[in-house]
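S.K.: Okay, handing you the structure first.
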Amino acid sequence: MSAASWIAAPGAPLRGEVRVPGDKSVSHRAIMLAALADGTSRIDGFLEGEDARATEAIFRRLGVAIEAPGAGVRIVHGVGIDGLRAAEGPLDCGNAGTGMRLIAGLLAGQAFDSMLVGDASLSRRPMGRVTEPLARMGARIDTGEGGVPPLRVHGGAPLTGIEFDNALASAQVKSCLLLAGLYADGETVVHEARPTRDYTERMLAAFGWPIEYSPGIARLRGGHRLRATDVRVPADFSSAAFFLVAASIVPGSDLVLRRVGMNPRRTGLLHVLRGMGADIVESAPGHEGGEPVADLRVRHAPLRGIDVPEAHVPDMIDEFPALFVAAACAEGVTRVRGAAELRVKESDRIAVMAGGLKAIGCRIEETPDGACIGGTPAGVGGGAVDSHGDHRIAMAFAVAGQRSSSAITIEDTANVATSFPGFVDLARHAGLQIGESRRAGPPET
Ligand code: S3P
């Protein structure tokens with residue numbers, strides 16, 4: 001076992017061009033639907049991160065042949081909607097909540113039993129949000145004590161479509177139910193007062209499954225088939241977010257992010273940063289794999305605090321660690337409300353960001369569903385922060401280090417590989433200063 005840590009310190013202004021890796025949400029779904037399709041699908045731009053690879057490994061274990069002829073390329077030989085077969089032993093989702101929740105929906109509709117497990121972080125995350133509605137559909141799934149993993153999914157339970165109100169504004173819950181709905185009798189309908197990312201809906205349509213959807217509603221019926229199709233995965237807006245914030249807060253920066261996925265359900269941070277005064281210009285709009293993409297040019301600009309509109313919360317749910325850093329470097333106060341979901345991400349992102357920001361001299365008060373952050377345009381202080389193994393928190397503090405009075409040491413950074421392999425190299429290429437160290441931990445017992 002080894003524990004990785006970083007030392008982040010002010011580097012050069014961010015300059016030049018970067019292209020961040022493929023979208024994590026799209027990569028998971030591309031493997032799943034290609035695996036269940038009739039025929040062979042090619043995926044380009046697949047995220048070579050641990051989360052998406054865990055999903056890929058699970059489908060291999062379920063009998064799907066997947067070739068990896070090059071980095072970011074997968075050739076998936078679909079087995080058809082009823083072609084999965086039982087795996088020996090538990091299926092390991094690693095750190096990925098998306099993997100576990102979506103796969104639970106698919107496995108609920110199979111004839112065989114399965115067991116889903118995850119790492120220490122995933123093993124603490126709530127699964128009742130999917131197992132309860134799945135039970136209403138007829139699924140039989142046992143959880144660990146308190147509704148956490150492992151999930152023991154009993155096969156052979158006939159499913160019936162339900163009408164569901166997605167009050168948590170969770171795309172994972174919506175997607176889980178839609179995927180179970182592929183195997184259900186009748187119609188599965190998900191309503192959303194606060195619309196969430198719609199990749200499952202878009203991709204089901206691209207694979208030829210009849211589905212009706214618009215912001216706030218998705219409905220489909222079981223009993224169709226998926227047709228193989230090629231998927232081009234756009235660059236992940238959530239990975240681009242760290243560069244948007246870094247270039248905004250480091251004087252002299254002028255950076256271009258190429259072909260970033262611009263699905264409107266993902267770009268809330270762009271609106272909020274612009275509301276804070278950020279200088280971000282979109283150009284060359286186009287489409288990749290049915291998703292809108294654009295180049296984003298971001299130049300340093302003084303930021304001011306903002307009341308983050310609650311309506312944007314689902315559209316930027318993964319971007320709060322980066323936003324908190326922008327807020328810490330802005331003039332005035334930033335208030336976040338309606339974001340209690342942050343407490344059940346890879347870590348409790350409100351508590352862990354508050355702990356880290358306090359450790360580097362920032363003023364931040366936690367609330368049950370958000371925080372109040374007092375910014376300082378001159379930047380943050382130095383010190384040591386613990387990312388609690390949360391990839392996005394580690395990257396957010398690496399960004400903070402670029403605008404700090406002295407170095408920030410960030411502990412427990414290995415999980416950055418779950419979503420952003422190559423982050424340190426790409427960040428250095430853009431001008432960030434990040435040193436790495438890896439020390440031996442206690443031997444595993
Ligand atoms: C995701 C949905 C979001 C997000 C996660 C990916 C997805 O989770 O935080 O990183 O791919 O559907 P919730 O649906 O729990 O909000």
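The values are calculated or read from the model by the stated rules, or taken from the named source; none is laboratory data. Everything quoted here is computed from the prediction, not taken from an experiment. Because the Cβ atoms are built from the backbone with ideal geometry, glycine has one as well, and the counts that use them run over all protein chains shown.
S.K.: Out of everything in the range 360-377 that is in contact (Cβ under 8 Å) with a residue 40 or more places away in the chain and of a type in the set (A, V, I, L, M, F, W, C), what residue ends up being nearest to SER405 (Cα to Cα)?
M.R.: Filtering the range 360-377 for residues that are in contact (Cβ under 8 Å) with a residue 40 or more places away in the chain and of a type in the set (A, V, I, L, M, F, W, C), the one nearest to SER405 (Cα to Cα) comes out as ILE360.
S.K.: Any residue at all in the range 288-299 that is touching a His at 6+ places or on another chain (Cβ under 9 Å), within 23 Å of ARG392 (Cβ to Cβ), within 16 Å of the ligand (Cβ to nearest atom) and not acidic (Asp, Glu)?
M.R.: No: the range 288-299 contains no residue that is touching a His at 6+ places or on another chain (Cβ under 9 Å), within 23 Å of ARG392 (Cβ to Cβ), within 16 Å of the ligand (Cβ to nearest atom) and not acidic (Asp, Glu).
S.K.: Also, quick follow-up: Please specify each residue of the range 408-445 satisfying the condition of being basic (Lys, Arg) and at pLDDT 95 or above.
M.R.: Of everything in the range 408-445, just one residue is basic (Lys, Arg) and at pLDDT 95 or above, namely ARG428.
S.K.: Against the conditions (1) more than 30 Å from HIS28 (Cα to Cα); (2) touching a residue at least 24 places away in the same chain (Cβ under 8 Å), where does ALA396 fall short? Just the number, please.
M.R.: For ALA396, the failing item is (1).
S.K.: Would you confirm, using the coordinates I've provided, whether PRO215 is more than 30 Å from HIS191 (Cβ to Cβ) and out of contact with any Lys or Arg (no Cβ under 7 Å at 6 or more places or on another chain)?
M.R.: When the stated conditions are applied, PRO215 does not pass them.
S.K.: In addition: Out of GLU67, GLU56, I need the residue that is outside any loop (DSSP other than H, G, I, E, B) and exposed (fewer than 15 other Cβ atoms within 10 Å of the Cβ). Which one?
M.R.: After ruling out the rest, the residue left standing is GLU67.
S.K.: Could you say which residue among LEU47, LEU14 is among the aliphatic types (A, V, I, L, M) and within 16 Å of the ligand (Cβ to nearest atom)?
M.R.: The match here is LEU47.
S.K.: Of the numbered conditions (1) exposed (fewer than 15 other Cβ atoms within 10 Å of the Cβ); (2) within 17 Å of ASP318 (Cα to Cα), VAL416 satisfies every one except a single condition; which is it?
M.R.: (1)
S.K.: Output the number of residues of the range 407-427 satisfying the condition of being over 20 Å from PRO234 (Cα atoms) and either among the hydrophobic types (A, V, I, L, M, F, W, C) or under 17 Å from the mean Cα position of the chain (by Cα) (or both).
M.R.: Final tally of qualifying residues: 7.
S.K.: The conditions are (1) in contact with a strand residue (DSSP E or B) (Cβ under 6 Å, 6 or more places away or on another chain); (2) within 17 Å of ALA30 (Cα to Cα); (3) away from the ligand (no atom under 16 Å from the Cβ), and GLU201 fails exactly one of them. Which is it?
M.R.: Answer for GLU201: the failing condition is (3).
S.K.: Any residue in the range 423-438 that's more than 14 Å from GLY11 (Cα to Cα): show its pairings with residues that are modelled with pLDDT under 95 and assigned to a strand (DSSP E or B) at Cβ separation under 7 Å, as long as the two are six or more apart or on different chains.
M.R.: Filtered contacts from the range 423-438: GLU436/ALA4; ARG438/SER2; ARG438/ALA4.
S.K.: Specify which of the listed residues (ALA340, ALA311, ALA351, ALA322) is surrounded by fewer than 16 Cβ atoms within 10 Å (Cβ to Cβ), of a type outside the set (Asp, Glu), within 16 Å of the ligand (Cβ to nearest atom) and within 30 Å of ASP386 (Cβ to Cβ).
M.R.: ALA340
S.K.: Here's a follow-up. Tally up the residues in the range 89-115 that are touching a helix residue (DSSP H, G or I) at 6+ places or on another chain (Cβ under 8 Å) and more than 20 Å from GLY389 (Cβ to Cβ), please.
M.R.: Selection size over the range 89-115: 9.
S.K.: Hey, among GLY356, GLY361, which residue is at pLDDT 95 or above, within 27 Å of PRO21 (Cα to Cα) and either in a helix (DSSP H, G or I) or more than 16 Å from the ligand (Cβ to nearest atom) (or both)?
M.R.: GLY356
S.K.: Please determine whether any residue of the range 342-351 is more than 17 Å from the chain's Cα centre (by Cα), in the same structural domain as ALA384 (by TED's automatic domain parsing) and either of a type outside the set (D, E, K, R) or closer than 28 Å to THR98 by Cβ (or both).
M.R.: Yes: the range 342-351 contains one or more residues that are more than 17 Å from the chain's Cα centre (by Cα), in the same structural domain as ALA384 (by TED's automatic domain parsing) and either of a type outside the set (D, E, K, R) or closer than 28 Å to THR98 by Cβ (or both).
S.K.: Looking at ALA120, is it within 29 Å of GLY186 (Cα to Cα), more than 16 Å from the ligand (Cβ to nearest atom) and modelled with pLDDT of 95 or more?
M.R.: no
S.K.: Only one residue in GLY216, GLY208 is small (Gly, Ala, Ser), more than 30 Å from CYS329 (Cα to Cα) and either within 15 Å of the ligand (Cβ to nearest atom) or in contact with an Asp or Glu (Cβ under 7 Å, 6 or more places away or on another chain) (or both). Which one?
M.R.: Exactly one residue qualifies, and that residue is GLY216.
S.K.: On to the next question. Just for the range 276-299: of the residues that are touching a helix residue (DSSP H, G or I) at 6+ places or on another chain (Cβ under 8 Å) and surrounded by fewer than 20 Cβ atoms within 10 Å (Cβ to Cβ), which one is farthest from GLY379 (Cα to Cα)?
M.R.: GLY290
S.K.: For the range 268-291: of the residues being small (Gly, Ala, Ser) and part of a strand (DSSP E or B), which is nearest to ALA327 (Cα to Cα)?
M.R.: Among those that are small (Gly, Ala, Ser) and part of a strand (DSSP E or B), it is SER283.
S.K.: If you don't mind, there's one more thing I want to ask. Write out, first by first residue and then by second, each pair whose Cβ atoms fall under 6 Å of each other, whose residues are 6+ apart or on separate chains, and whose first residue, in the range 97-120, is outside the structural domain of LEU36 (by TED's automatic domain parsing) while the second is modelled with pLDDT of 95 or more.
M.R.: That search, which allows pairs on different chains as well, returns nothing.
S.K.: In addition: Can you tell me which residue among PRO150, PRO195 is closer than 19 Å to GLY99 by Cα and either among the small types (Gly, Ala, Ser) or touching a residue at least 40 places away in the same chain (Cβ under 8 Å) (or both)?
M.R.: Residue meeting the stated conditions: PRO150.
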